[in-house]
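Following: one structure in structure tokens, then a few remarks.
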Amino acid sequence: MLIDLLIEDPRWRDASLPALSEAAASATLAHLGLAPAAYEIALLACDDSRIAALNTAFRAKPAPTNVLSWPDQDLAAEDDGAAPSPPGADPHASDGALFLGDIAISYDTCAREAAEHAKPLSDHITHLIAHATLHLLGYDHIRDQDATLMEGLEVEILGKMGIANPY
């Protein structure tokens, strides 16, 4: 399996997170021409309290957020608007899978945002996992050109999954 899931907040079980996260990450990798079976992602399904602690520790932002990601490798492109280089296989991995990194997602913030924007929670979760997977692959939205590239990819990926443009 692509997703190694740790559920800390039991509300995630009712949100179909295992299936949604596997589908979103797989669709993201496949869209970029990468074989999902060759990769692994660790996903922590938590609440606002836990993600606020992580956001404080890693980003010095003492507040909850919807999703955080920690890439295992720096794959970011050097040029504005350029796609990152795809990761290669790890010959040292016991199962041959390349570990892309860690994602944490907060139920409280995801549910609140979905309700505020009148979106199905499942669509919002799928979007956030695709978004975080792109971060693990070196995409970001710090510069305008990079944000345009990343958001365009998200819209394409979600469209293939039957989910409306989240922007």
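How would you rank Met1, Met150, going from fewest to most other Cβ atoms within 10 Å of each one's own Cβ?
Fewest to most other Cβ atoms nearby, the residues stand as Met1, Met150.
Using the count of nearby Cβ atoms within 10 Å as a rough guide to exposure, how do Thr56, Thr133 rank from fewest to most?
Thr56, Thr133
Sorting His31, His117, His135, His124 on the 10 Å Cβ count, fewest up front, what's the list?
Values: His31 18, His117 10, His135 21, His124 24.
Result, fewest neighbours first: His117, His31, His135, His124.
Considering the values (1) 19.7, 60; (2) 15.2, 45; (3) 20.9, 74, which represents Rg and Dmax of the Cα atoms in Å as calculated for the structure under consideration?
The value matching this structure is (2).
Please report the net charge: other residues with Cβ closer than 14 Å to the Cβ of Thr126, K and R +1, D and E -1.
Here the charged neighbours net out to -3.
Let's see if you can work this out: charge +1 on each Lys and Arg Cβ, -1 on each Asp and Glu Cβ, no other charges. What is the dipole magnitude of the range 3-160 about its Cα centre, in debye to the nearest 20?
I would put it at about 360 debye.
If you take every DSSP beta bridge whose two residues both sit in the chain, what share of them, in percent to the nearest 5, is antiparallel?
Just about 30 percent of them are antiparallel.
Just tell me, in residue order, which DSSP H segments of the chain are both 18 angstrom or longer along the helix axis (alpha-carbon based) and at least -1.0 in mean Kyte-Doolittle hydropathy. Could the numbers behind the result be given before it?
On the way: long enough: 17-31 (20 Å, 0.77); 121-136 (22 Å, 0.58); 144-160 (24 Å, -0.15).
Once both thresholds are applied, what remains is 17-31, 121-136, 144-160.
In whole percent, what relative contact order does the chain give with Cα contacts below 8 Å and a gap of six or more residues?
Computed over the chain, the figure is 27 percent.
So what's the net charge close to Asn66: Lys and Arg +1, Asp and Glu -1, counting the other residues with Cβ under 14 Å from its Cβ?
Local net charge: -3.
We did not get these values from a lab; they are worked out from the coordinates using the rules stated. Treat the numbers as computed from the prediction; the structure is a model and nothing was measured. Don't worry about glycine lacking a Cβ; one is built from the backbone with ideal geometry, like all the others, and counts go over all protein chains shown.
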